[in-house]
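Take a look at the structure below.
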Amino acid sequence: MLHLLFFLLVNSAANAQLTSKQIDSLAQRSLEKFKVAGLAVAVVKDGKIIHGKGYGVKSMTTKKPVDSHTNFQIASNSKAFTAAALAILIDEGKISWKDKVKKHIPEFKMYNEYVTENFMIEDLLCHRSGLGLGVGDLMFFPDGSDFTFKDIATSFQYFKPVSAFRTQFDYDNLLYFVAGEIIARVSGMTWEQFVTARIIKPLQMDNSFTSLNEMKDKSNMATPHSTENMGNGQMRTLAWFQEMVNGAAGAIVSNVDDMSKWMITQLNKGKYGSNLEKQLFSEARQREMWTIHTVTGVNRDPRYNSHFGGYGLGWGLSDLRGNMHVGHTGGLPGMLSVVNLVPDLKLGIVILTNTESGGAGAFRSIGQTIIDSYIKAEPVDWIERYSEQLAGQRSNGDSVTTNVWKVVAAAKNTPVKAGDFVGIYEDNWFGKVEVFLKNNHLWFKCLRSPKLNGPMHFYKANTFAIKWEYQDMNCDAFAMFSLDEEGKAQSIKMKGISPNIDFSFDFHDLDLKRVGK
């Protein structure tokens, strides 16, 4: 996903707490270095907003500036809202983290009977299902597919686990849709209605929404941009990603002013109001959300003396020079975000960006530099460091994909018996795809995800490279056919071409079998 950079283990540097002018300079430099159209930054400290500002433009077309009220899609930073919504229901005695999912969703079915019967609500939130990274995300990525919640709830039985249940971290999105459905069935309200009524309105996040469809006035909405597949650093605008099924994994639209209210509530252990007289969720629930449920890697940089790293319920958790760090990132096509909290210092930072892929370098550099200034870490020029890392990653990916298309070009006159590949193929969870002839050229079409269609180009042996018509992200794929003794295709395996493909394009989880001509 919900390209999803799942959370940020910060390891950063600066000497003194940054002033607003220094943050201005840092943000402007990041815009230029990472080729980002626009971004917004807010910092909260001791219960107050001490910096909130926009930089760059909402759209390269209109050139209108970003301000602190400009809305962005926050993507997977929505997951913490889903966890908070469940926490509210727990405080009300309506559910427990330990409730079996099947108690509330009888049709829920995992890959074996034991896991199905023992899967708890908290398991939905902490990425320890045993299934692989981004499993099943093709059902909603790219947007525009017709999959329903029923499809998602029954899909898990068809995936092959990559680890034993509750033993390994592998980030997923689909299980958050299940969490959203539990909220709906228990409360009698949709996830969108519940989060709006019980979180957004009480916190007076007046310009935040649980879906794009609820946002009537989009005049101060940032437009997504991408430099992917453009070359020479050129930038193009994208359409907003449209959430489906429910928004529990990544649908919220917000701005740094409203997100500051959210961060202050988190830093106040669920309390809010002018005198902190109100409680969104209890301190006990927050301790549970901020307790490691799944262990991940530890930051090994000795400057930060880190001892733990893991994922709680909707939050990534680590320690930095004796300070707890709570954070998460989010990613959709052209929209990247990060929230960083340092509860021991009552410090919160949110950065929202509207450009893929430079936004990741920008929000990491800005966020880490600000945190470093508070934890008094040794200075590092994170803009230069991340710029070098991203350039190397991009160069490696470009090299791989360029070589693939060179092979395709060299093989363009290779005779192919197209009729041997034409047919209908079906996967148990993704449904049917069609390989057909269009203008005497093989073409691939996913029947339930219409944006995934495009021409097939012979590569090697029984493998074709698909150039999707959808190019908002770098997601072209290989289709590898298995043939019978007569040379007729019987099945298809797939995988992404670029090593930099977003993990939500989980083509490798497909097992397509011929079901018709």
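No value in this document is a laboratory result; all are computed from the given coordinates. Remember, it's a predicted structure, so these values are computed and weren't measured experimentally. Don't worry about glycine lacking a Cβ; one is built from the backbone with ideal geometry, like all the others, and counts go over all protein chains shown.
Quote the FRET efficiency, to the nearest 0.05, computed for Met120 versus Gln204 with a Förster distance R0 of 35 Å and r equal to the Cβ-Cβ distance.
Calculated value: 0.60.
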Helix axis angle, 20-34 relative to the chain longest principal axis, alpha carbon, degrees: 10
Above-threshold pairs, the threshold being 32 Å between Cα atoms, out of Lys406/Lys432; Lys98/Lys216; Lys64/Lys150: Lys98/Lys216; Lys64/Lys150
Structure-based [θ]222 nm, the chain - -39500 (n - 2.57) summed over DSSP H runs of at least 4, per residue, nearest 500: -7500 deg cm²/dmol
Filter on Lys79/Lys160; Lys53/Lys271; Lys35/Lys412; Lys412/Lys493; Lys417/Lys467 - keep pairs with C-alpha separation over 27 Å: Lys35/Lys412
Euclidean distance between Cα centres, the range 371-436 to the range 449-517, Å: 13
About the Cα centre, charge dipole magnitude for the chain (Lys/Arg +1, Asp/Glu -1 at Cβ), debye: 460
Inter-part distance where the range 175-225 and the range 74-149 are each reduced to a Cα centre, Å: 17
Reachable aspartates and glutamates from Lys517, criterion Cα separation under 16 angstrom, eight or more residues apart if same chain: Asp420, Glu426, Asp427, Glu434, Asp484, Glu486
Burial order of peptide ranges 260-270, 237-247 (average beta-carbon count within 10 Å, highest first): 260-270, 237-247
Helix axis angle, 382-410 relative to the chain longest principal axis, alpha carbon, degrees: 10
The chain: angle of helix 256-267 to the longest principal axis, Cα-based, in degrees nearest 10: 70
